[in-house]
Amino acid sequence: MTDAEPSPLICGDPQVRVAVVPRLVGLVADDLTGATDSAVQFAEAGWAAHLLRGPILDAERADDPGLADAGPSLLAVVTGVRPTTDDVAADRTAAAVRQLVARGCERLYVKIDSTMRGSVAGQLRGALVAWADTHPGATAVLCPAFPDQARTVVGGEVLVGGVPLARTAASVDAVTPVVDSRLDRLVPGAVAGTAAGLDRDPGRRHDGRVTFVDAATNADLDAIAACVDRLGPACVAAGSAGLAAAMARRWSRGCRPAEGAASPSTRILVGVSSLHPVALSAVRRLRDATAGVATPVQVVTTPAVRADAAVVAADFGDRVAAQLAQSSYDVVVLVGGDGAAAVLDRIGATAVTVHSALAPGVPIGAIVGGAADGVRIVTTSGGFGDDESLLRVIDRLQAGSHRRKEFS
């Protein structure tokens, strides 16, 4: 199939019934900051949104008082498979999807990196295999675009700020470098499609197929979300927080969040495990701005050297956990998914309830369980924003200029 002849999706087929609005959506992500960044899209649309930690196969956790919600809810889990092989990613993603199915999730979202880092092909394969256990003929619609962060897909090519992916910082990522920009090569076997297309052969089955779609604006993502909705539960949406936001808007008909004022934060701990150039620049700017000034902001980072990623993350988790134990903090800001996951594991957190967003790509919530139960938490990817990003986050936290989602 050529680029000029994309495979149409079956959104407009009259035999496809408009899907029922789901009450419980499952989200499986390859890293923690991506999971919270997508979960907050649902929280901002009025959903209860929880990131589960620990052995999620324990179905009794679904009855935890802190996680019981009467309204529509999203449950997110993190596999940590971004740096693994495709086969390992497929197995772990399939296991996570089956655990979400066991909890009663009616629709599935696969959160992948907006710059296609890591084992995306394996994640999609594993998710479709597991989802097909209860939804025969499962297929996926893939679009990693996140226009709010200058990530777009044009002609099947992923762009960052208009630059092909293979010519951006993603190509020299310390752990998962991306050497191509085209989705048909990054996900072998995937075919091009259009959200407005009609399937001329509605009886044809496409079991296990991945169709990728262009998007340069949020309106484009809304069109894709409408298509995924109409295709029904067998269709799995796969993308970044951009498509997650579009799916949340589509599935939140009439749903509105309750809001309350957040108190200013006076004791802030910042932990940065990401080695992305944007994150390193933001740390330098934060330190320059606070040098020689008595400040409640404490900063913990990782060595700027390449080493075993798991060892570095574990050490980072230990150091942040020790700081949390030594002093009292209102909020912890974690930049980088592996490090954030290590921190939550080290302090024994059972979940994170996601409330709202300080800014696009910067969700805030509260830690559930463990040594830091109730402490507010902000998570963000190391590749988002600019060298002023951390300063803006700190300013907003100190001013209390964000709104907190309240759950009854």
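The values are calculated or read from the model by the stated rules, or taken from the named source; none is laboratory data. All figures in this text were calculated on a predicted structure; none of them were measured in a lab. Glycine gets a Cβ as well: all are built from the backbone with ideal geometry, and neighbour counts include every protein chain shown. The accessibility values were calculated without ligands, DNA or RNA, using every heavy atom of the protein model including side chains. Shrake-Rupley method; radii C 1.70, N 1.55, O 1.52, S 1.80 Å.
Going by a ≥ b ≥ c, the root eigenvalues of the Cα gyration tensor, does the range 262-363 fall in the rounded group (a/c under 1.5), the prolate group (a/b larger than b/c) or the oblate group? Taking the square roots of the gyration eigenvalues as a ≥ b ≥ c, the range 262-363 is rounded. For the range 66-210, relative contact order (Cα pairs under 8 Å, six or more residues apart, normalised by length) works out to 22 percent.
A convex hull fitted around the alpha carbon atoms of the range 339-397 yields 80 Å³ per residue. Which parts of the range 211-255 would a label at Val20 reach, counting a residue when its backbone N lies under 15 Å from a point 7 Å out along Cα-to-Cβ? The answer is 232-234.
Take the range 103-216 with all the other protein chains still there, run a 1.4 Å probe, and you get 38 Å² of accessible area per residue.
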